[in-house]
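Notes to accompany the following structure.
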Amino acid sequence: MKNTLTAAFLLAATLVGQAATAGELQLFSREDFRGQRVVIADGAANNFNDFGFNDRASSVIVRSGTWELCEHKNFGGHCAVFEPGNYPDLRRFNNNFSSAREIDGRHDRGQGYAYGRDNRDYRDERREERREERWREERRDERRYERERGDAVELFNDLGMRGSRVGISQDIRTLRDVGFNDKANSMVIHYGTWEICEHNDYGGQCRVYGPGRYNDLQDFIDRITSLRRIR
C-alpha cells in the first residue's frame, strides 16, 4: 500500500470572501520527512480525521503559501503559522495538529498563536547539536586514550615517590578498600584534576591537584582517605 495520501480541499464557508490560492502543504508522520505523507493544496483541511491523519504530523514542508496549523478541527485551539520552508522536527507541536488552512501574510496572529521555526533557526540548532556531538566524541576518545595510558594517580607511602605504591584510575570513596588509608606521603597525577580528601566519601578537608609530581604532601601526609576526579 502506498504511504502517500493526497487531500485536496477547497476553501469552506469559514473562508468566504478570500480568493482560492495555490499553496501546498506536506505533512509527514515521522521526523525528517519520513513515514506517511499527506499533501494539502488549494486552501484548507478542517479535520485531519477525514483522511486518517489526526494528531500524527511530526514534520512539515511548506512548498508555497503561508499556512496555519491548529490543534483542533475547524482551526480551533492553539495554532502555529508556518511560512515556506522545511520543518524536520515540530518539537512541541509534534503529533498535535488536527486542521490546517492557508492564510495570507497579513493574517491576525493573536493570542493562542505560535510560529513555526524558520530554516535559519533550525540550521543554528543542528549546528549546535553537531558541535556537542563532536565534543562528546572527543571526550570519549580522550577517556579511551587515558585508559590506555594506565593509572591516573599514583600514591606512595614514602616521600619522593618511594615505598609501596597504589594506582588509582577512578573515584575512590575510601582507600581502605585498597589497603592504603592514611598512608600517602607523595603522589603523581598523570592526567585529570583530582579532589583529595581526608575522610570517607570526600568529607573533611579537601584539596585539588592537577597533573604533576608531588614529592612531599606536607601537612596532608598520612591523611588521605578518599579522592575523586573533578575534571
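The values are calculated or read from the model by the stated rules, or taken from the named source; none is laboratory data. Source: prediction; values computed, not measured. Quick reminder, even Gly has a Cβ in these numbers, built from the backbone with ideal geometry, and neighbours come from all protein chains shown.
So that you can scan it fast, the table gives a plain yes or no per residue for (1) touching a strand residue (DSSP E or B) at 6+ places or on another chain (Cβ under 7 Å); (2) of a type in the set (D, E, K, R); (3) closer than 14 Å to ASP171 by Cα:
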site	(1), (2), (3)
ALA184	yes, no, no
GLY192	yes, no, yes
ILE196	yes, no, yes
GLY204	yes, no, no
VAL208	yes, no, yes
GLY212	yes, no, no
ASN215	yes, no, no
ILE221	no, no, no
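Within region 107-119, does at least one residue satisfy the condition of being assigned to a strand (DSSP E or B) and modelled with pLDDT of 80 or more?
Pass one, region 107-119, residues assigned to a strand (DSSP E or B): 113-115.
Next cut, modelled with pLDDT of 80 or more only: none.
No, that holds for no residue.
Which residue is farthest from GLY150 (Cα to Cα), if the candidates are limited to region 210-226 and must be outside any loop (DSSP other than H, G, I, E, B) and either in contact with a Lys or Arg (Cβ under 8 Å, 6 or more places away or on another chain) or not assigned by TED's automatic domain parsing to the domain that holds ASN157 (or both)? The extreme case among them is PHE220. Pairing each residue of region 64-90 that is in a helix (DSSP H, G or I) with any residue that is among the polar types (S, T, N, Q) and at pLDDT below 90, provided the two are 6+ apart or on different chains, yields C-beta distances under 9 Å for ASN74/THR14; PHE75/THR14. Does ARG207 fit the bill of being in a strand (DSSP E or B) and in contact (Cβ under 8 Å) with a residue 12 or more places away in the chain? In short, yes.
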